[in-house]
1. Provide the FRET efficiency to the nearest 0.05 for the D119-D98 pair, computing r from the beta carbons and using R0 = 30 Å.
2. Summing Lys, Arg as +1 and Asp, Glu as -1, what charge do residues with Cβ under 13 Å from the Cβ of L145 carry, L145 excluded?
3. Under the definition of Cα pairs under 8 Å and six or more residues apart, what whole-number percent is the relative contact order of the chain?
4. Running Debye on the range 151-278 with equal point scatterers at the Cα sites and no solvent, what base-10 log of I(q)/I(0) appears at q = 0.11, 0.20 Å⁻¹?
5. Relative contact order for the range 1-157 using alpha-carbon pairs under 8 Å, separation at least 6, rounded to a whole percent?
6. Report the gain in length on full extension from S238 to E76: 0.36 nm times residue separation, minus Cα-Cα distance, nm rounded to one decimal.
7. May I ask for the angle, rounded to the nearest 10°, between helix 123-137 and the longest principal axis of the chain, with both axes built from Cα atoms and the value confined to 0 to 90°?
8. Let's see if you can work this out: charge +1 on each Lys and Arg Cβ, -1 on each Asp and Glu Cβ, no other charges. What is the dipole magnitude of the chain about its Cα centre, in debye to the nearest 20?
Amino acid sequence: MDSTRASSASPRPVAVTGATGALGGRVAASLAADGVPLRLVVRDAARAPSLGDHVDVAVASYADRAAARAALEGVETLFMVSAAEAVDRLDQHRAFVDAAAEAGVRHVVYTSFQGAAPDAVFTLARDHAATEQHLLASGMATTFLRDSFYLDALIDFADADGVLRGPAGAGRVAAVARTDVADAAAAVLRDPAAHRGATYDLTGPEALTLAELAARLSTATGRDHVFVDETLDEAYASRAAWRPEPWMADAWVSTYTSIASGEVAGVSRAVRDLTGREPLTLEQVVAAR
């Protein structure tokens, strides 16, 4: 058999970024178990999970446009997990999107954020909005997964004394389990054409105030939790001990002010519709830890 013909007849791999992390790793494992040909795009090949003969590994960072373009050659669909928080994250995203377009990628599934907008209260949601716009201008098809704050992360915001503190007031957040985001993403990637052009808000089953979340955590863990509502000045002062750069301090504090604003209070059916099951509750996330 002509090897060129055999190669051209083979299905093009789905590229998955972030496979060394919790979100991308679960997506990659789920797709690999279904026999989907994958290319894991990682920064360190030694850390890439071993998922079978139909999964290969390419090394590239988002900021290295040439390496990213080479890593994405022959890929039709790309799962792009947003980069780690950094002052230049948007520049990294733009470089990677440009590399994907140059490599001939046709469809990008991107993990964005609920309420992404240029004027979002949560400062990092502005980067997501700009990334979405860059993707839309790229000519590639898109699917945006706008997840709320991770329920797993909010639980860990409590300090050693079980205190959650920040200027969230009585605002509500429809926080979502990271597992649910991964499972929704895997569902989209199994049939990306069916989700071309779609934007999904990925939320938990309910919107809680942080006072309610603390009370539920107390019951679920058997350890007292309490929410302390701070003023803006108190919020910046209480985080000064970590000496964050100004952009990071703004991101930390605006996590809470975005909750106060109502930007992340909306509850969506998307997790249920995409996965066929109810999104996980706070209690279920705690029990699984």
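Only the coordinates and a few stated rules stand behind these numbers; no lab work does. All values reported here derive from a predicted model rather than from experimental measurement. Please note: Cβ atoms are built from the backbone with ideal geometry, for glycine as well, and neighbour counts cover all protein chains shown.
1. Values: r = 25 Å, r/R0 = 0.84.
The computed FRET efficiency comes out at 0.75.
2. Details: positive: R146, R178; negative: E132, D147, D180, D183, D201, D273.
Spelling it out: positives minus negatives among the neighbours equals -4.
3. Values: 571 pairs, mean separation 49.5, N = 289.
Once normalised by length, the contact order is 17 percent.
4. -0.46, -1.12
5. Working: 275 pairs, mean separation 27.5, N = 157.
It rounds to 18 percent for the range 1-157.
6. On the way: separation 162, 0.36 × 162 = 58.32 nm, distance 4.66 nm.
Gain on extension, S238 to E76, equals 53.7 nm.
7. Tilt relative to the chain: about 20 degrees.
8. It comes to approximately 700 debye.
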